[in-house]
Amino acid sequence: MGKVQVGTGPFARRPDNSAFKQQRLPAWSPSLTPYTVLPVFYLLAVVCVLLGVWLFITVENTHELKVDYTEEGTCIRCFELRKDPIQARNSCDCVVNFNIPKTFPGDVFFYYGLVNFHQNLRRYMDSRDEDQLVGRKKSLKSPSSYCEPFAHDEHGEPIAPCGAIANSMFNDSFTLTYHPPDGAEVPVPLYRRGITWYTDKNVKFRNPPTNTTLQLAFQGTAQPLFWQQPVYELDPADPSNNGFINDDLIVWMREAAFPNFKKLYGILIRAETPFSEGLPAGNYSVNIIYNFPVQYFQGRKEVVLSTVSWFGGQNHFLPIAYLVTGGLIFIAAIVLTVVYVKVGRDGKNMEE
Amino acid sequence: MTWRDLCSWTRRRDSSESERRLESNLPYEGEKSKNQPNRHYAGNAIKTTKYTLWNFIPKNLIEQFRRVANAYFLSIAILNFVPSVNAFQPQVALIPICVILSLTAIKDAWEDFRRYQSDRKLNRRPCLIYSRSQQSFMERRWKDVKVGDFVRVLSNEIIPADILLLHTSDPNGVCHMETANLDGETNLKQRRVVPGFCDTNSTFEPQNFNSIVVCEKPNDNLNHFSGFEKGNKKTGFGIESLLLRGCTVRNTADASGIVVYAHETKSMLNNNRPRNKRSKLERKMNIEVFFCVLLLIFMCLIGAVHVIWLESFSTIPMYFIPNSDGTYTSSALSGVNMFFTMIILLQVIIPISLYLSIELVKMGQVYFITQDVDLYDEERDIRMQCRALNITEDLGQIQYIFSDKTGTLTENKMVFRRCTIMGTEYPHSENATRLALLAGETDADEEVIYQQNRRPPLFSLEEAQDGPARASARLPGNSSLHRSRVTAGASSCMAFSSPMETEVVPDETLLHLMENEEDKSYLDFFLAMAICNTVVVSTDTARRQGVTGRRNSALSSNPLECMEGLFSRATCCKRLRKSLEKLTCRRDSHAEPFDMGQTSFYDVSAFTNSVEGFDEDENAPGHRSNVNRRPRTGSSPAAPLEVCYEAESPDEAALVHAAKAYGFTLLERTPDHVTVRLPHGKELKFKVLDVLNFDPVRRRMSIIVRHPRTREIIMYTKGADSGIMEAAETQGDLDMYARDGLRTLCFAKKVVNEQTYSAWSIRRQEALAAISRKKELLMDTAADMENNLTLLATGIEDRLQENVPETIRALREAGIQVWVLTGDKLETAVNIAYSCMLLDHRDLVFTFNTESKREFSIGLVIDGRTLSLLLDDDLQTQFVELCSHCRSVLCCRATPLQKSRVVTLMRHRLKVMTLAIDGANDVNMIQAADVGVGISGQEGMQAVMASDFSISRFKHLKKLLLVHGHWCSTRLANMIVYFFYKNVQAYVNLLFWYQLFCGFTGTAMIDYWFMIFFNLLFTSAPPIMFGIMDREISAFMLLQLPQLYKRGQQTGGYRRSTFWIGILDAFYQSFICFFIPYWAYEGSDVDIFTLGIPMNTVSLFTIILHLAIEIKSWTVVHWVIMVGSVLVYFIVSLAFSALCISCNPPSDPYWLMQQQMADPIFYLICILTTVVALLPYFLHALRGTLMPSDHLKARQIDQLPPHRRDQFLREWRNLQELCASFPSV
């Protein structure tokens, strides 16, 4: 019964006898039987457990240290000072000492952490202007309405960078010092650049095009309300790190997913001793220029020092989850085996 | 405005009068339209399109927003424009609803465009209209035809409008018309020129026509029409003078007449749109949608928590943004705002694409059902058709089948079996033997039944018994229906699958008697058989001409097909009412050697078939005369004309053929004459004085002729035994016939004297010209004539359709109760019930009729009169109770109204899914049931037109229900559950969990574009494919094990628990999909959209793999779509991440996907989450293997090699029979 030409002949209306139209396409019908399921289960269990062990070993070799400096040491003074809005602009320095019990080998990352800071509130999140940050002149002068009420200052000047996120930028700064047991204190050198995504630094964030100075490019814009300096003077040390491509700004603008988060501040420069192998064990102090008030949201501030493995920072969850999952699958597999051996006669009958 | 509206609108315009008056347009030709006398009547151009180019967008939008779902989604999209509430960028939020709307709009536009095209094609067909200025018929287009125009139709052309026939080329003023396009009946119908205008010799001069035509208003009754022409005298006419639009003129060189109905033709008014029923599943599903709404509201109340959370701060945190005036919204108000924001955010819980998807799935399902080659009838070239597009899954839940008998269980192919003349019975045993043999050759199964039950029971003249009720059940306007025209559809030549069946071997005794004695009563009997009918004789050559023309017209274009396009929502649902060409060809091709030259005309395949079918002839040359020649009757083999009978009902054909077997050959029939060749070669030409057509109230038809030799006026009457005065000595034989399952017809004769006749004739003419009470008057006059009859009798057999017993047994095994509701006599019905295994010989049959109450067990047989008592209010409950204990119920002598009441009663009282199947005209019953199935068979097409599904054989019901029904309901149920699961799981819950971490402010951690893509691109195709193509169990197994159908019956494969399990599973999976990434990233420097990527990905994996576990059979299409979906996800996500730098402010998906895919933790999360999320479901899916359900066992058996599979099946069935025989165990 071949295909009959449509429209003619006595079988003009006969449907095609093709496998597709007759729903007879060759099909693979996997059936869940003990013989197919149990091997898969055992295999999965083994894979999960092995992965879990590997991850666990990896995580055990990473190190992390958190120092909550909100009211620590001399910072208690600054903390109190920041409670008073009138004193908000007064600078305040403080020092917090801490101890690293065990050497942090390899690359060490220096983070600042915030607790209970919701960068993920819907309206806060939306309060930014991508077009402005990518350096479009037009958006520089007339920021997006998403930035409201942080789009213009009281004089009607457009704010650059506009929006609540930029406005609330974290502005504490840190200097880490190593106190070797046998000598003078050594400042810990940190890379303060190269802490962003490459694409952020080079594609998503661009300064407005200019032939002259950055300052002229930003002429006619106001600095965000809470900022102490305009955006083109964010990094006094490195002129090329100013404007929208300032690393700290870029890091801050990538809104954290959860209210408790950390953001990268710097990476240990391992060019010279005693830091060529990482951070040696011992006493350290961190000097903080304490600007960022946290009492308004019952928050905390911390400094986090961490090494990273191939799958990120120190996080025990994944290895444990893999181990537990592997275990559960294994138990399920054993239970299934027992059940099939004991009760599965009917199933077997069908097989034979 | 649809054409129906148009019609009703125009109809309203002439509703001022109770009738339509029209006159010739010719005197007014060229004048302004306001002077035209017929200007109020609609022209012939048809417009079935819903939209025009201009109003498409607004009208389509309005139409779409009538759907609550669309309105809901639109309002949510609009809500998004409220700044304090919005969750996404308002413009982007409009995208999903726009996509859905435009998809639907494209679908509608395409359908409408097809309608437009077919309209145009139809309107542009050429036709001949008389023009006064040119003094001749000019070629115009169909759309130019106006009421009052004179139109000429040539042979084999299609009639453009309803035309009152005024002239034909035929000297007798007759025109033949084929109505296959209209009702599927392939025999030719005779139409006559309006009496008095029949000036047959001269040419037709329309300009001489100056009468006024008065006729009834347009209506959809194809079989009734009345009016009169008021010229010099008043002449009445009826349907026999009306040429119907869409029909084809045959055997007549040309026919002309005046157009009476242009747009509101009977064929147009008869076209119905596909039915719009709501399936049970859909009704159930709407409740789930309601649950979803509740769930949504509940989840949105979490927005209120935002207020509490806000209150926990003593001061306002810096990340909390003031309004533009620097103030903060009060917490109560912001709570309310949050509630709405959450609604926008979580709206997807009510799946926007669900309705569209269901529609697509059902279209796909319908496509596959209609494509099934097993449901195709080769004999008649008819496919299975779905008229109702949205109740496919109801086929899988049928619990009760109510079947008619005539044309449903039986072939409705009549064979003359035996007769009794003047009290003497002639059993025709040779003929019976031959038929049994024939049956044995064609169908071995059937032969068994033949032997078991002496003869397969046939049935008495149902038309006669049903008659009054049929008429009363119809709408008042329709009640004058002539059943012989409506229902009895098959031509003699087509009524039989093999020409052998038309043959009758004469009874030796009877032949002997006839030859020796020339008894007058025998002569009368056979004469009556030969002439008392409406059989049209057409010569083979004429017929061929017809076929030729039809072939041509089929090639060019068939107006029916054009019209079909208009009303069919999908191509698969086309009306297939076309002629049964193949059979015609077959008959033609083996009629005569000299025909062979012509057979090259037809497809070779047809010819080959015909040769195969004729092998027997070579073995038995004596039987070579197939249709019309029997050597012993003395008709010359070299007869110049081969006659072929076009009968309107199969029994008429059978009788004419039987008469011919005895040498009484009907040679010609014109309105005025009937010519019969007698056994000895003499030809008798009777003048026909009058024909009293069959009507269901009288249940008989009569013909009044003048005998050419004796000059006597003789009336022959034919009808059911109850329709003709009963004669005692024959009654016994009739009862015996009925017990044998034969259908009985009686003939009677009356000699009328001249005075009586002429007096009667005047009254008759008056009645014919009447309009208002025409029906009653005609009836009265007929009744006046038909009295004092002398009786003769005969018996006819109706063969059981093939595989009916097997089908009924399979349906029974599938747990479906099969009832037969028939208008037949009790004995006939019981007999046929036995032969089709509805009643088993082991059954104790409890017969109910008012006279006797016998012993009772499983089978229940109810008489019509009893039924009417049982259907009374006070007995209903007991009746239903009684029926629920019966294995089978047989209602005989039931009227159509009773049938539909039984169906309604069972449906409402027992809350069961019912299916009604009928092959003829029981529209009531079909519409009363949840699912109506029509058999497009020998009789009229009314049932088919009213049905939801139409098949051509009863046996097709088995595959339709057991396979397609099962598949459709399982597929759709699984699809819907999956859809709910998918929507709850995918985003709604992920987003919901995230609210715990973002101060309940309605933040989404996934870019909104990704969400749109997710629903519209990545996860839309798999469930649709799943709903159309998944196959849990193969068709083979479903047919082998009908009991697999039972699952669908009880629950429809879709339980509320399934829904809730799906929702719970969705909650669990979304919990895993959210919290594993959460914990994995906790305390890290991950940003919000980077977090969203793995969540999105694991959601997709979970959803796709969840479906993968659900899919029972993987074909190429499955693989392509499933793997394709994942690939598309990665490709689109990567492309979007790479291209969108700041295109979607304020979220920024730039380089996210790339960044994540370069990070090992992404893969670790994906693997772990997917495994953990699916583990419970996997175990859930496994549970079946411990205590395998029948379905699982069937699947396993199906995978075995064929010989082992068969062995298993046998064992299984034996086991079941064993179980069935010990029900207590």
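What to note about this one:
- Residue match in segment B:872-883 (condition: at pLDDT below 80 and within 25 Å of B:PRO1042 (Cβ to Cβ)): no
- If you go through segment B:999-1035 and keep only what is part of a helix (DSSP H, G or I) and either of a type in the set (Asp, Glu) or at the interface with another protein chain (Cβ under 10 Å from one of its Cβ atoms) (or both), you end up with B:ILE1028, B:MET1029, B:ALA1035.
- In this entry, A:LEU44 passes the filter for residues that are modelled with pLDDT of 90 or more, at the interface with another protein chain (Cβ under 7 Å from one of its Cβ atoms) and either outside any loop (DSSP other than H, G, I, E, B) or surrounded by fewer than 16 Cβ atoms within 10 Å (Cβ to Cβ) (or both).
- Annotation: of all residues in segment B:1082-1114 being under 20 Å from B:SER1020 (Cβ atoms) and surrounded by fewer than 22 Cβ atoms within 10 Å (Cβ to Cβ), the one that is nearest to the other protein chains (Cβ to nearest Cβ) is B:TRP1114.
- Single match in B:LEU1192, B:LEU1175 (criterion: of a type in the set (A, V, I, L, M, F, W, C) and closer than 30 Å to A:SER309 by Cβ): B:LEU1175
- Which listed residue, of B:ALA77, B:ALA69, is assigned to a helix (DSSP H, G or I) and within 30 Å of the chain's Cα centre (by Cα): B:ALA69
- Number of residues in segment A:194-224 that are away from every other protein chain (no Cβ under 14 Å) and within 20 Å of the chain's Cα centre (by Cα): the value is 1.
- Meets criteria (buried (at least 20 other Cβ atoms within 10 Å of the Cβ) and within 13 Å of chain B (Cβ to nearest Cβ)) for A:TYR111: yes
- From the options A:GLN223, A:GLN229, A:GLN219, residue that is assigned by the TED database to the domain that holds A:PRO149 and either surrounded by 19 or more Cβ atoms within 10 Å (Cβ to Cβ) or on the phi > 0 side of the Ramachandran plot (or both): A:GLN223
- B:PHE1067 surrounded by fewer than 19 Cβ atoms within 10 Å (Cβ to Cβ), more than 14 Å from chain A (Cβ to nearest Cβ) and in contact (Cβ under 8 Å) with a residue 60 or more places away in the chain: yes
- Of all residues in segment B:309-333, those being more than 10 Å from every other protein chain (Cβ to nearest Cβ) and of a type in the set (Gly, Ala, Ser) number 3.
- Selection count, segment B:871-914, where residues are in a helix (DSSP H, G or I) and in contact (Cβ under 8 Å) with a residue 12 or more places away in the chain: 21
- For segment B:362-381, the set of residues classified as under 24 Å from B:PHE1036 (Cβ atoms) and not in a loop (DSSP other than H, G, I, E, B) consists of B:GLY364, B:GLN365, B:VAL366, B:TYR367, B:PHE368, B:ILE369, B:THR370, B:GLN371, B:VAL373, B:ASP374, B:LEU375, B:ASP377, listed by residue number.
- Residues in segment A:114-132 include none that are more than 14 Å from chain B (Cβ to nearest Cβ) and among the charged types (D, E, K, R).
- Restricting segment B:1127-1145 to residues that are of a type in the set (A, V, I, L, M, F, W, C) and in contact (Cβ under 8 Å) with a residue 40 or more places away in the chain leaves a set whose member that is nearest to the other protein chains (Cβ to nearest Cβ) is B:CYS1140.
- Out of A:LEU318, A:LEU323, A:LEU264, A:LEU305, sole residue that is buried (at least 17 other Cβ atoms within 10 Å of the Cβ) and more than 23 Å from the chain's Cα centre (by Cα): A:LEU323
- Residue in segment B:134-153 that is nearest to the chain's Cα centre (by Cα), counting only those that are part of a strand (DSSP E or B) and among the charged types (D, E, K, R): B:ARG141
- Residue match in segment B:290-311 (condition: outside any loop (DSSP other than H, G, I, E, B), at pLDDT below 85, within 30 Å of B:GLN1049 (Cβ to Cβ) and of a type outside the set (D, E, K, R)): no
- Residue among A:TRP252, A:TRP227 that alone is within 14 Å of chain B (Cβ to nearest Cβ) and assigned to a loop (DSSP other than H, G, I, E, B): A:TRP227
- Residue tally, condition within 10 Å of chain B (Cβ to nearest Cβ) and in contact (Cβ under 8 Å) with a residue 12 or more places away in the chain, over segment A:266-307: 9
- Filter result for the condition that a residue is touching a helix residue (DSSP H, G or I) at 6+ places or on another chain (Cβ under 7 Å) and either acidic (Asp, Glu) or farther than 30 Å from A:GLU60 by Cβ (or both), over A:CYS147, A:CYS94: A:CYS94
- Failed item, numbered, when B:THR179 is tested on (1) modelled with pLDDT of 85 or more; (2) in contact with an Asp or Glu (Cβ under 6 Å, 6 or more places away or on another chain): (1)
- Taking the criterion of being outside any loop (DSSP other than H, G, I, E, B) and either more than 40 Å from the chain's Cα centre (by Cα) or hydrophobic (A, V, I, L, M, F, W, C) (or both), the residues of segment B:407-427 that qualify are B:MET414, B:VAL415, B:PHE416, B:CYS419, B:THR420, B:ILE421, B:THR424, B:GLU425, B:TYR426.
- Close contacts from segment B:1146-1163, counting a first residue that is within 7 Å of chain A (Cβ to nearest Cβ) and a second that is not in a loop (DSSP other than H, G, I, E, B), with Cβ to Cβ under 6 Å and a gap of 6+ residues or different chains, come to B:PRO1146/A:ASP126; B:PRO1146/A:TYR146; B:ASP1148/A:GLU130; B:TYR1150/A:LYS204; B:TRP1151/A:THR199; B:TRP1151/B:SER1137; B:ILE1161/A:GLY312.
- Helices (runs of 4 or more DSSP H) (entirely within segment A:125-188) containing at least 1 residues that are more than 26 Å from A:ALA237 (Cα to Cα) and of a type in the set (Asp, Glu): A:130-133
- Selection status of B:PHE1018, among the aromatic types (Phe, Trp, Tyr) and buried (at least 23 other Cβ atoms within 10 Å of the Cβ): yes
- Test: A:PHE98 is of a type in the set (A, V, I, L, M, F, W, C), more than 25 Å from A:GLN229 (Cβ to Cβ) and not in a helix (DSSP H, G or I): yes
Per-residue answers, yes or no, for (1) modelled with pLDDT under 90; (2) not in a helix (DSSP H, G or I):
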residue: B:GLN938; (1), (2): yes, yes
residue: B:MET945; (1), (2): yes, no
residue: B:PHE954; (1), (2): yes, yes
residue: B:LYS959; (1), (2): no, no
residue: B:VAL963; (1), (2): no, no
residue: B:TYR978; (1), (2): no, no
residue: B:ALA986; (1), (2): yes, no
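- Some residue of segment B:384-398 being buried (at least 24 other Cβ atoms within 10 Å of the Cβ) and acidic (Asp, Glu): yes
The values are calculated or read from the model by the stated rules, or taken from the named source; none is laboratory data. Please read these numbers as outputs of a predicted model, since none were measured by experiment. Don't worry about glycine lacking a Cβ; one is built from the backbone with ideal geometry, like all the others, and counts go over all protein chains shown.
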